[in-house]
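The values are calculated or read from the model by the stated rules, or taken from the named source; none is laboratory data. Everything numeric here is computed off the predicted structure, so don't read it as measured data. Neighbour counts run over all protein chains shown; Cβ positions are idealised from the backbone, glycine included.
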Amino acid sequence: MGARESRAAVCEAATGQTLIARYPRPASNGALAQPLRGYAWCAATLGWTALAVQLLLIFQARWQSEASLTGGLIHFFSYFTILSNTLAACVLTSAISRRRTAMQRVFALPSVAGGVAVSIVVVGVAYSLLLRSLWQPEGVQWWVNEWLHDGMPLVFLGYWWFGVEKGPLRLAHVARWALFPIVYFAFIMVRGASIGVYPYPFIDRGTLGLGQVLLNALAILGGFLLVAVLIVQLDRFKTAVGNGQA
């Protein structure tokens with residue numbers, strides 16, 4: 001190799017190292033580079049804050065109406081939005097934890113983060129299409145509502161794209177992820193049949209009837225599966241780009 005070729009190789013290696021330092025890949029053990037770590041910390045903090053404030057608002061309403069606070073807690077976790085945001089906050093918290101528990105290591109798995117990404121994206125899309133026009137929250141409730149339905153879906157999707165290891169996802173994961181909305185729907189139907197309350201109007205059996213509720217649920221499940229397949233394909237695309245195959 002001549003002197004010119006040697007200098008070119010050195011420059012290429014230095015440039016490559018600079019690019020790697022500037023745009024670091026997620027480590028296979030889930031460790032985050034410092035910019036992503038700050039991003040995840042802010043997202044987790046906002047996520048837990050919004051969830052806590054929403055719970056306090058529910059407790060306040062229950063207290064004023066002299067209703068059970070325990071019932072308010074159950075009501076809080078009866079929303080798919082709350083469950084998905086809680087999972088998203090858990091994944092983000094696991095990403096910034098230096099000493100992870102066994103549960104946090106589970107949340108750090110790419111397959112888990114991918115499934116949560118699907119759920120939180122569905123939350124945002126379903127809210128915009130089906131629920132946004134039904135009420136106009138104000139004040140603190142408006143901020144909480146916007147974060148849970150718009151902010152977290154966008155922020156978490158950004159974390160998943162830049163901060164989660166790509167490559168492990170397979171189409172087989174789609175069926176596993178779908179168990180979450182299916183089990184949720186079964187629970188809501190059983191709970192609703194016993195107390196007559198449903199968290200969302202499009203699955204209100206008392207108003208719509210079982211047939212229409214099942215059709216609505218199948219349509220939403222179809223959307224969930226579509227988003228899940230898209231997440232897997234995006235995972236494959238980024239892996240191919242990273243390997244220089246696209």
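For residue 45, the conditions (1) farther than 23 Å from residue 192 by Cβ; (2) buried (at least 21 other Cβ atoms within 10 Å of the Cβ) all hold with the exception of (2). Every condition in (1) touching a residue at least 24 places away in the same chain (Cβ under 8 Å); (2) over 30 Å from residue 109 (Cα atoms) holds for residue 205 except the one numbered (1). Among the listed residues 143, 147, 135, identify the single one that is more than 16 Å from residue 164 (Cα to Cα), surrounded by fewer than 17 Cβ atoms within 10 Å (Cβ to Cβ) and touching a residue at least 12 places away in the same chain (Cβ under 8 Å). Result of the check over 143, 147, 135: 143. Looking only at region 54-85, residues that are under 24 Å from residue 163 (Cα atoms) and without any contact (Cβ under 8 Å) to a residue 12 or more places away in the chain come to 0 in all. Out of all the residues in region 213-246, which are under 21 Å from residue 179 (Cα atoms) and over 24 Å from the mean Cα position of the chain (by Cα)? 213, 214, 215, listed by residue number. Evaluated against (1) among the small types (Gly, Ala, Ser); (2) surrounded by 21 or more Cβ atoms within 10 Å (Cβ to Cβ); (3) at pLDDT 95 or above, residue 126 falls short on exactly one condition, (2). Contact map, region 33-53: first residue basic (Lys, Arg), second residue surrounded by 14 or more Cβ atoms within 10 Å (Cβ to Cβ) and in a helix (DSSP H, G or I), Cβ cut-off under 6 Å, separation 6 or more or different chains; pairs are 37/96. What pairs come out if I take residues in region 178-200 that are touching a residue at least 24 places away in the same chain (Cβ under 8 Å) and over 16 Å from residue 123 (Cβ atoms) and pair them with residues that are part of a helix (DSSP H, G or I) and of a type in the set (S, T, N, Q) whose C-beta lies under 6 Å away, six or more apart or interchain? Pairs found: none. One residue stands out in region 165-183 among those that are buried (at least 18 other Cβ atoms within 10 Å of the Cβ) and under 20 Å from residue 81 (Cα atoms): the one that is farthest from the chain's Cα centre (by Cα), namely 174.
Put simply, of 56, 109 the only residue that is among the hydrophobic types (A, V, I, L, M, F, W, C), more than 30 Å from residue 191 (Cα to Cα) and either modelled with pLDDT of 95 or more or within 19 Å of the chain's Cα centre (by Cα) (or both) is 109. Check region 96-108 and report whether any residue there is free of Cβ contacts under 8 Å to residues at least 24 places away in the same chain, farther than 29 Å from residue 170 by Cα and buried (at least 20 other Cβ atoms within 10 Å of the Cβ). For region 96-108, residues free of Cβ contacts under 8 Å to residues at least 24 places away in the same chain, farther than 29 Å from residue 170 by Cα and buried (at least 20 other Cβ atoms within 10 Å of the Cβ): absent.
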